[in-house]
Amino acid sequence: MTKNTDEHKTSGLNGSEGVSFHNEEAPATRALVVHLSMRDGGRGQGLSDRRTTEADLAEITGLALAIELEIVDTVTVMLRQVTPATYLGAGKVSEIKGYVAMDDIELVVTNTQLSPGQQRNLEKAWNCKVLDRTGLILEIFGRRAQTKEGRLQVELAHLAYQRSRLVRSWTHLERQRGGSGTVGGPGETQKESDRRDLQARIKKLERQLDKVKKTRGLHRKSRQKVPYPVVALVGYTNAGKSTLFNYLTTGDVLAKDLLFATLDPTMRSLELPHGRKVILSDTVGFIADLPTQLVAAFRATLEEVLSADLIVHVRDIAHEDTEIQRLDVLKVLSELGVSEKERNQMVEVWNKCDLLDEDDLVQRKNLAALSENINVISSVSGEGIDTLLETIETNLSKNDDILTFSVSLASGADVAWIYENGDVLERRDSDDGLMAELSVRFPITRIDVARKRFDAASAN
């Protein structure tokens, strides 16, 4: 086991330890981060065994900072095996108990996913609250969600997580109401009542989210009538999606050096270099071992990705585990139902190139040059953005068709339909001003409609 000294405590967001960025008046909770790693190179149950210990520790610490905790210290524990009752062995449990008492720790955060029994036993042993990786991510989502939909999704995920932890969460169970020979044990009646209430609330939330799903479906249909292609930004949390989104659309999406800074989806129109309009969508960031409860709850939101005409995968190319993060994102996309073909056709953005040294930058650019769908950019300086927009436009145009036809300028409805549904590449008005010959690029969703509406010939 290694433990940081006071001289190596993790700093807050602005360099001052224990910074609270929501409520500066309330004292931040004193927390100890316990990083668990298997001696054979694994990271314990539920965690990838490909990551470096340093990167794992930095990520769980970043997650803890995202909910305003004062990170008093971090502890790294190397395990030979997992102990079923407490995850850690008795000696390590006792050792950490000493750290908790010595530093007045109120909360211990672990980078693993603990079972309800393990969490309960550790809380008893250390006499403080214990939050595992899943619980921590749920807490962050609960604080970040701004829209009604986002809050519903977070609450549903949290209740699904809490359902298995009623034995730990409901401290009043020993105060059983009444009692009889048929009751299975102390608190049985109250526990079952709580479970029924919890299940009823979950069902209600699921019905509400079903309505959200239907509403989103109607919105997607209305966009298809315009139609503007949808370009969805995806990526590992803190890869710079929101910064890129703001750069491209002059939007006001929260873009900070925080994990899960963006939860609620945001959509803005964007005009590409040759005048084509698209809808750009910023989505929630992915993370390794994203809790299944969250994947299920946020499916309505993430369906924007499934229906997108093009997926743009934003990567933090300066991160030491950037390749591992790429695989994590692909895994989540696969779980959402994005096909292997669609994943292979994504545009990949190697962001934060401004953080690379000169040699690394040259190497990355040489590698990116081997693929037409990889772009090296900086969403802060703007380097490579123009090339990225060209790449997006090229990919969207692959399934387009260019039609040439004549239209009467007296038919205002026809002319308006053409400009709303296609990109007019060339227009030649007749000398008498009655007719116009047009060369128009239509997306695949409007080709047949345009051909039926006009006597059009393909120019491709």
Checklist entry - Could you give me the ³J(HN,Hα) list for the range 382-398, computed from phi with Karplus coefficients 6.51, -1.76, 1.60 and θ = phi - 60°, whole Hz, x at Gly and Pro? => result x, 4, x, 5, 4, 5, 4, 4, 5, 5, 4, 5, 4, 5, 5, 7, 4
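Neighbour counts of other C-beta atoms within 10 Å: give me MET346, MET102, MET38 arranged from fewest to most.
So the ranking, lowest neighbour count to highest, is MET102, MET38, MET346.
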Checklist entry - Can you run phi through the Karplus equation (6.51, -1.76, 1.60; θ = phi - 60°) for the range 120-130 and list ³J(HN,Hα) in whole Hz, with x for Gly and Pro? => result 5, 5, 5, 5, 5, 5, 9, 6, 7, 6, 10
Next on the checklist: For a quick check: with amide H placed at 1.01 Å from N, whose amide H comes under 5 Å from VAL108's, ignoring anything fewer than 5 positions away on the same chain?
Outcome noted: LEU32, LYS129, VAL130, LEU131
Checklist entry - So what does the Cα-only Debye profile of the range 401-458 read at q = 0.14, 0.15, 0.16, 0.29 Å⁻¹, as log10 I(q)/I(0), no solvent term? => result -0.32, -0.36, -0.41, -1.35
Item to check | Span from the the range 433-447 Cα centroid across to the the range 61-136 one, whole angstrom | outcome: 64 Å
Item to check | Taking N as its residue count, the alpha carbon Rg of the range 356-405 over 2.2 N^0.38 Å | outcome: 1.50
Checklist entry - With a Cα-only, solvent-free Debye model of the range 81-155, what are the log10 I(q)/I(0) values at q = 0.20, 0.21, 0.25 Å⁻¹? => result -0.84, -0.89, -1.11
Checklist entry - Hey, got a sec? Which trypsin sites (Lys or Arg not before Pro) in the range 75-169 land in a DSSP loop and have at most 10 other Cβ atoms within 10 Å? => result ARG80
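No value in this document is a laboratory result; all are computed from the given coordinates. Bear in mind that the values here come from a model prediction, so they are computed numbers and not experimental data. Glycine also receives a Cβ, built like all others from the backbone with ideal geometry; neighbour counts cover every protein chain displayed.
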